[in-house]
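For reference, the structure discussed in these notes is given below.
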Amino acid sequence: MNLTRALGSVGGLTLVSRVLALVRDSLQATFVGASFASDAFLVAFKLPNMFRALFAEGAFNAAFIPLFNRKVGAERDYAAAYDFAGRALALLLPILIGFTALLMIAADPLTLALSGGFDNPTPDEFAFAVTLSRITIPYLALISIVSLLGGVLTSLGKFAANAAAPILLNIAMIAALWFFHGDNAYETARAQAISVTVGGALQLLWLILACRRAGVSLRLRLPRIDNDVRELLRLILPAAIGAGAMQINLAVSTALAGGLLEAGSISYLYYADRLNQLPLGMIGIGLGTILLPTLSRMLASGDDKAAMETQNRGIELALFLTLPATVAFLVAAEPIVRGIFQHGAFTAEDTRAAALALSAFSIGLPAYVMIKVLTPGFYARGDTRTPVRFAMIAVAVNLVGNLVLIPTIGFMGPPLATAVSALVNMALLYWMLRRRGHFVADSQLKRRLPRLAVAALMMGGVLYMLDGLIDPYTTGSLLIRIAGLGALVAGGGLVYVAACFATGAYRPSDLKALRRRPA
């Protein structure tokens with residue numbers, strides 16, 4: 001398997017999903033704006049989103065994929081692997097049903113915890129927020145089953161179907177906003193909440209069909225805890241906390257922002273985070289999805305040298321793509337936010353606030369991506385406990401940072417604290433991998449990284465000078481805004497590629513070799 005091509009496939013589908021998510025968020029900004037109704041929906045959406053990241057993108061894959069690949073083994077015994085997956089599903093299903101029912105009963109205190117109580121809401125407003133939470137909670141069970149089926153396909157090297165599933169959620173949410181937006185923001189927020197659960201059902205149907213096409217059939221049976229399932233359960237909990245440190249940090253930030261800051265602050269943070277998630281989803285989550293099964297297979301076959309080479313190239317590819325995005329968000333956050341969100345109920349003041357939050361988030365963007373690239377080095381070796389220890393340290397740093405920064409710099413505090421905590425988490429993961437001898441940066445990586453940083457800074461200088469020229473094209477009609485943002489992205493990309501060649505970070509022959517190199 002070629003790492004670059006695999007990322008191109010997964011990243012391309014993720015790009016489609018994230019672009020649709022931006023369309024969705026742009027429609028939300030138009031019809032709902034940054035208001036209490038928007039905050040209420042975002043709190044209701046927070047739990048499913050967090051659970052998706054903790055479980056679907058983190059814990060289940062981290063625990064399940066290495067065990068599944070171990071069952072496949074050198075003899076390629078897929079029947080044993082499918083039997084293990086069926087036993088896992090048999091235990092997972094009743095747990096999810098009970099867990100979902102419990103959360104729906106506890107929606108009131110759950111909403112209170114996730115929102116920090118909002119900012120002095122009326123009883124009717126808080127009741128509305130609780131109702132939205134109850135509507136979205138069933139998504140948790142749906143996406144958890146999706147993650148199991150996606151883990152099977154990913155283990156088989158079939159990445160596309162799983163990567164395409166989030167597209168269906170975004171289509172459902174866009175349809176709700178476009179066709180069912182009401183006369184006021186509250187009706188629209190309710191339609192959004194319903195579309196979340198509908199989107200989860202569509203994702204599940206899609207993965208069931210994809211499994212059938214791949215010849216995978218999981219038979220339902222009575223749940224039984226055997227040694228394999230016990231091992232899966234042992235690995236899942238620490239993996240959930242370790243892989244979901246960023247989501248835990250965002251939940252803490254949302255609760256503190258809701259309780260300590262004025263209405264609309266949660267929305268500023270949400271819109272900024274959505275933009276920050278675009279490169280994170282395409283690069284970090286995409287590479288993490290590919291690296292885990294790849295490293296698991298290499299280590300299971302005893303090829304440690306190939307695993308080390310793959311992780312070096314993964315880090316190189318991650319930073320090659322992430323550093324320019326980081327610099328762009330630092331120097332051109334306002335025209336980007338204005339071009340995507342500033343229309344309808346989203347004002348120029350909202351744009352300035354969300355842009356400042358985006359710049360703060362982006363400081364930690366390389367760290368967010370690196371965490372996704374480094375953690376497979378632990379999970380592929382069956383170690384889900386070390387990342388959880390480091391994640392808890394990062395959560396503590398985030399909590400202290402929020403408490404210190406919110407009273408001093410307001411809504412800028414949560415994203416800055418989240419960025420600092422991600423940097424701490426990344427540093428600890430890297431340090432431990434090096435200490436154990438599981439990762440050593442090779443000469444190629446050491447040579448290229450500083451050159452890539454210089455190239456990204458050169459691109460940032462050009463974008464800074466172009467800000468004034470681009471600004472008039474980030475407002476107005478949809479076509480004008482698309483043209484303006486397209487010119488900004490294309491111009492920045494061309495400058496970055498030229499700067500990479502000028503600094504010697506890459507030569508044209510290197511890029512051709514990178515495309516041919518197997519992972």
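Hey, among 369, 400, 331, 337, which residue is out of contact with any Lys or Arg (no Cβ under 6 Å at 6 or more places or on another chain) and without any contact (Cβ under 8 Å) to a residue 40 or more places away in the chain?
400
Quick one: count up the residues across region 338-385 that are outside any loop (DSSP other than H, G, I, E, B), modelled with pLDDT under 85 and of a type in the set (Ser, Thr, Tyr).
Of the residues in that region, 2 qualify.
State yes or no: is residue 376 farther than 30 Å from residue 341 by Cβ and within 16 Å of the chain's Cα centre (by Cα)?
Judged against the criteria, residue 376 is a match.
Would you please list the contacts, defined by Cβ atoms under 6 Å and residues six or more apart or on different chains, that run from a residue in region 488-515 that is closer than 18 Å to residue 445 by Cα to a residue that is at pLDDT below 75?
The qualifying pairs are 514/4; 515/4.
Evaluate region 283-304: report whether one residue or more is in contact (Cβ under 8 Å) with a residue 60 or more places away in the chain, assigned to a loop (DSSP other than H, G, I, E, B) and out of contact with any Leu (no Cβ under 8 Å at 6 or more places or on another chain).
Yes, region 283-304 has at least one match.
From the set of residues in region 452-500 that are of a type in the set (Phe, Trp, Tyr) and modelled with pLDDT under 90, which is nearest to residue 347 (Cα to Cα)?
473
From the list 150, 215, pick out the single residue that is farther than 30 Å from residue 403 by Cβ, in contact (Cβ under 8 Å) with a residue 12 or more places away in the chain and out of contact with any Gly (no Cβ under 6 Å at 6 or more places or on another chain).
Going through 150, 215 in turn, the sole match is 150.
Taking the conditions exactly as written (part of a helix (DSSP H, G or I), in contact with a Phe, Trp or Tyr (Cβ under 7 Å, 6 or more places away or on another chain) and modelled with pLDDT of 75 or more), does residue 311 satisfy them or not?
Yes: the conditions hold for residue 311.
Please work out which one of (1) surrounded by 24 or more Cβ atoms within 10 Å (Cβ to Cβ); (2) of a type outside the set (A, V, I, L, M, F, W, C); (3) within 21 Å of the chain's Cα centre (by Cα) is the condition residue 359 fails and give its number.
(1)
Taking the residues in region 144-172 that are crowded, with 23+ Cβ neighbours inside 10 Å and over 15 Å from residue 210 (Cα atoms) as candidates, determine which candidate is modelled with the highest pLDDT.
169
The values are calculated or read from the model by the stated rules, or taken from the named source; none is laboratory data. Just so it is clear, the structure is predicted and the values come from calculations on it, not from any experiment. All Cβ positions, even for glycine, are placed from backbone atoms using ideal geometry, and neighbour counts span all protein chains on display.
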